[in-house]
Amino acid sequence: MKKITEKELSAYNELLTQEKAAVDKFNYYAQNCKDPNLKKLCKEAANRHQEHFNIIFAQIN
């Protein structure tokens, strides 16, 4: 496996931070939303960002 440079690791860290923030925000919106359709969309968005997080994380493991 190719060794990850410090710059690449920093970029991965930034991506993980952004995806984690998106997961947290969409989960918060889903929990506090009254409209069932909007709640569903927020949950789906949180799940999608969690998948992105998992994929990025897998790249550095």
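The values are calculated or read from the model by the stated rules, or taken from the named source; none is laboratory data. Quantities reported herein were computed from a predicted structural model and do not represent experimental measurements. Glycine also receives a Cβ, built like all others from the backbone with ideal geometry; neighbour counts cover every protein chain displayed.
Could you figure out which of (1) outside any helix (DSSP H, G or I); (2) at pLDDT 95 or above isn't true of K2?
(2)
Please specify each residue of region 16-40 satisfying the condition of being of a type outside the set (D, E, K, R), surrounded by 15 or more Cβ atoms within 10 Å (Cβ to Cβ) and part of a helix (DSSP H, G or I).
Looking only at region 16-40, we keep the residues that are of a type outside the set (D, E, K, R), and these are 16-18, 21-23, 26-33, 36-38.
Now restrict to residues that are surrounded by 15 or more Cβ atoms within 10 Å (Cβ to Cβ): 16, 22-23, 26-27, 29-30, 33.
If the condition is that a residue be of a type outside the set (D, E, K, R), surrounded by 15 or more Cβ atoms within 10 Å (Cβ to Cβ) and part of a helix (DSSP H, G or I), then L16, A22, V23, F26, N27, Y29, A30 are the ones that fit.
Would you mind stating whether I56 is surrounded by 15 or more Cβ atoms within 10 Å (Cβ to Cβ) and of a type in the set (V, I, T)? Before you say what the answer is, go through the steps one by one.
On the way: surrounded by 15 or more Cβ atoms within 10 Å (Cβ to Cβ): yes; of a type in the set (V, I, T): yes.
Criteria met by I56.
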